[in-house]
Amino acid sequence: ARIDAARMAVVEIVDVAVVGAGAAGLTAARSLSAHGLRVVVLEAGSKVGGRVLADKSLAPWPLELGPEFLHGEHHNALLRLVADGIEGKPEASLVELEWPNYYFFGKEGVLMLAEEADEQPDVALMHESFEKLGEMAPPPCGAEAEEEPTLLQYFASCGLSSRVLDLADAIFANDYGADMSD
């Protein structure tokens with residue numbers, strides 16, 4: 001038997017595998033490691049940092065192209081960092097906006113104020129459908145578990161129009177970085 005040394009893998013036993021090297025994944029890995037666990041971080045992309053991305057090719061200064069929202073106020077290190085600042089760095093301030101303040105219906109090419117969009121029955125149905133998710137019983141586990149539908153399949157079964165499914169998919173992708181059909 002011939003052994004290809006370049007393709008040999010080192011097997012290491014770990015306690016926890018963290019999926020994703022974004023801010024949350026790296027923070028979780030550091031915390032778990034600090035508590036004595038052996039941790040490996042798995043990242044599918046070619047860089048660490050998740051959605052954080054500074055592009056230096058478009059201007060003489062870095063343009064931040066990643067997330068522009070900080071979610072959650074409790075125990076949020078990023079909010080503390082902005083509030084306290086960093087010595088020797090310019091000050092930053094937080095601006096709290098109603099979210100969403102605009103809706104964009106891409107197939108129609110229409111940008112609409114949130115107040116106007118929220119008056120439309122199909123948009124109200126989308127909001128109701130998202131809210132109902134929190135009221136649902138968790139799916140069964142084990143042998144009695146059936147294959148769970150995707151979020152897109154669930155919303156389609158609720159009678160949402162294709163217009164609202166597109167809008168819900170865009171909102172879901174923006175908020176969670178995922179596709180409703182996954």
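The values are calculated or read from the model by the stated rules, or taken from the named source; none is laboratory data. Note that this is a predicted model, so its numbers are computed, not measured. Cβ atoms come from the backbone with ideal geometry, glycine included; neighbour counts cover every protein chain shown. Heavy atoms of the whole protein, side chains included, go into the accessibility calculation; ligands, DNA and RNA do not. Shrake-Rupley method; radii C 1.70, N 1.55, O 1.52, S 1.80 Å.
Of the residues Gly72, Gly66, Gly88, only one is among the small types (Gly, Ala, Ser), in a loop (DSSP other than H, G, I, E, B), open to solvent by less than 100 Å² (accessible area, probe 1.4 Å) and at pLDDT 75 or above; which?
Checking each option against the conditions leaves just Gly88.
Tell me, which residue of region 142-178 that is touching a residue at least 24 places away in the same chain (Cβ under 8 Å) and not in a helix (DSSP H, G or I) is nearest to Gly22 (Cα to Cα)?
Top of the filtered list is Gly177.
Suppose we keep only residues that are among the hydroxyl-bearing types (Ser, Thr, Tyr) and open to solvent by less than 80 Å² (accessible area, probe 1.4 Å) within region 1-56. Which one would you say is modelled with the lowest pLDDT?
Among them, the one singled out is Thr27.
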